[in-house]
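First up is the structure itself, then whatever we jot down about it.
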Amino acid sequence: MLGRLGAESIDDLLVDVPPRLRLPALGLPAGRSEFETVAQISALAARNRVFADRLCFIGGGVYRRFIPAAVAAVTSKPEFYTAYTPYQPEASQGTLQSIYEFQTLIAQLTGMDAANASLYDGATALAEAAMMATVVTGRHEVLVAGRIHPEYLEVLRTYAGGRGILVREQGELGELTAAVIFQQPDFLGLLENAPELTERAHQAGALAVACVDPISLALLAPPGQYGADIAVGEGQQLGLALSYGGPHVGFIACREELIRRLPGRLVGQALDGRGRRGFTLTLTAREQHIRREKATSNICTNHSLCALAASVYLTYMGPDGLRQVAEVSATRAHALAERLQGVPGVTAAFPGRPFLYEFPLRIDPERLRAADLNRRGILAGLDVGRWYPDLEGVYTFCCTEVNDPAAIDELVVALGSPLS
Amino acid sequence: MADRYYTESHEWVLVDGDIATIGITDFAQAQLGDVVFLELPAPDKALEAGDNFGVIESVKAASDLYSPVAGTVLEANPEVSQRPELVNADPLGRGWLIKVRLNGEATAGLLDEMGYESYVAGLQ
């Protein structure tokens, strides 16, 4: 075949691929058996330092939480995890019903009228909401209020650039403002005054877009209650592993009046010819295969398997279980915050600001160096100065139900280690 | 009886004094099929001739609506918002979409009835 192509070797064939992108020589020994290879790789892997779940106190967008076995029991059914989602109603009532249930659960959790079949992640959900707001209002600026996840902001800017949308981080609302976008709790874990931000958006004729933590909604007012127009968020905490940051699942929900501008797939409930309940894609005239360039978004897929995990998690936990998860996390986080602030050189970065289960502390660098947390197997303290220059020396900590009291003791003792 | 004028995007306009009533043609409703939803503008919206003033959604398509004239929206037909099927049943009558207060010259550049008929004949 190489001869037919006029190439002398594989390297000759790949001459157009820049050398820096080619696989370098790996220096592998020849002729090892599968058994020997696995043994050698296992020995190498055993040298990795793996942080125990209970000693992870880092959040910043993804959070370790207990995942009941029921989640994998359902998502590992081949009917669900095989390659592609069949959307034909006659072929896939189970898939469509599972999506419908996800939409229903998200709408109930956020207090909104309707939710779509899911999006890729929290960041793209936020960007989709911004586009939706510009289409609804006919305006082309969005105002980001407070500290949203810095990576969400990057994704928002990427989407906005292609659509001629101006993303502003400060300044006043005006007649060009399509949306006020805020995160509740914010990137540091602190609570925003969501009702006030919503009110200010509405006074300027803009939409209020709330990016919310789904677990927090077991304790906080849902966006629908304070009048937000669009609610979005990241669903990783609902039964999904951290997995180096993905795949996770984004959600987006809105008020009924905006439903025809909602991006992506939407499953509806209907009756078949014999009056039996069934499920089908609905309101598809919103989508780009029909609406063409006037569609809100070019998204026409979703993260069904991850959404299914979230549905199983929410169903399994129920309202009481979800509240328990949120309460235990918040109680432990508040106890941790108080104890850490008793350590010399550690202070609250924003004293008096309320939070749920993630919070920012200002820490003397000497203190962190002496604690040497990583070597003790404790993963804690996200350096948020990486993204916010005004927050140099500020670190966020989080607590969830996986951080047991003994783990909290270990962290407090470690951070209180004598300075050398 | 005032004359009805037409656009190549299949809207009609009927002018009475400085008030223009706008809808879509019988040909348009037949092509769209069952109309299921209308998105129409709020009063006081200013329109130039050719401006997009809303969306009409049928079981098979969602299409933009274009104003044949320049003016200010007075009202959207409250009846069609509740019963979009009126656009199919009576496109030139009870299925009207919006009323507009005209800015100046109304019908320049529009097709008259015969002009529109021959335009549609050319499409078929």
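The values are calculated or read from the model by the stated rules, or taken from the named source; none is laboratory data. No experiment lies behind these values; they were computed from the predicted model shown. Neighbour counts are summed over all protein chains in view; Cβ atoms, including those assigned to glycine, are modelled from backbone coordinates with ideal geometry.
Considering segment B:9-41, the residues that are among the small types (Gly, Ala, Ser) and part of a strand (DSSP E or B) include one that is farthest from the other protein chains (Cβ to nearest Cβ), namely B:20. Taken together, the criteria place residue A:143 among residues that are over 22 Å from residue A:115 (Cα atoms), part of a strand (DSSP E or B), aliphatic (A, V, I, L, M) and not assigned by TED's automatic domain parsing to the domain that holds residue A:396. Before we move on, is residue A:352 at positive phi and either buried (at least 20 other Cβ atoms within 10 Å of the Cβ) or part of a helix (DSSP H, G or I) (or both)? So residue A:352 does not fit the description; no. Of the candidates B:67, B:81, B:63, B:58, the single residue that is within 18 Å of residue B:18 (Cα to Cα), in contact with a strand residue (DSSP E or B) (Cβ under 9 Å, 6 or more places away or on another chain) and small (Gly, Ala, Ser) is B:67. Can residue A:71 be described as under 30 Å from residue A:269 (Cβ atoms), in a helix (DSSP H, G or I) and of a type outside the set (Gly, Ala, Ser)? The answer is yes for residue A:71.
Scanning segment B:42-54 for residues that are within 14 Å of another protein chain (Cβ to nearest Cβ) and in contact (Cβ under 8 Å) with a residue 24 or more places away in the chain yields B:42, B:44, B:45, B:46, B:47, B:53, B:54. Residue check: residue A:300 meets all listed conditions (1) surrounded by fewer than 16 Cβ atoms within 10 Å (Cβ to Cβ); (2) in contact with a Lys or Arg (Cβ under 6 Å, 6 or more places away or on another chain) but one, namely (2).
Table: residues versus (1) in contact with a Lys or Arg (Cβ under 8 Å, 6 or more places away or on another chain); (2) free of Cβ contacts under 8 Å to residues at least 12 places away in the same chain; (3) within 24 Å of residue A:122 (Cα to Cα); (4) of a type in the set (Val, Ile, Thr).
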site: A:271; (1), (2), (3), (4): yes, yes, no, no
site: A:276; (1), (2), (3), (4): no, yes, no, no
site: A:286; (1), (2), (3), (4): yes, no, yes, no
site: A:291; (1), (2), (3), (4): no, yes, no, no
site: A:311; (1), (2), (3), (4): no, no, yes, no
site: A:315; (1), (2), (3), (4): no, no, yes, yes
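Among all residues of segment A:35-58, there is none that is assigned to a loop (DSSP other than H, G, I, E, B) and in contact with an Asp or Glu (Cβ under 7 Å, 6 or more places away or on another chain).
Only residues that are loosely packed, with under 14 Cβ neighbours inside 10 Å and acidic (Asp, Glu) were counted across segment A:71-120, and they come to 2. With respect to the stated conditions, residue B:33 is at positive phi, exposed (fewer than 14 other Cβ atoms within 10 Å of the Cβ) and over 14 Å from the mean Cα position of the chain (by Cα). Check whether at least one residue in segment B:70-82 is of a type in the set (Asp, Glu), out of contact with any helix residue (DSSP H, G or I) (no Cβ under 9 Å at 6 or more places or on another chain) and closer than 25 Å to residue A:136 by Cβ, and report yes or no. Yes - at least one qualifying residue is present in segment B:70-82. Scanning segment B:16-49 for residues that are in contact with a Lys or Arg (Cβ under 9 Å, 6 or more places away or on another chain) and of a type in the set (Val, Ile, Thr) returns B:19, B:21, B:22.
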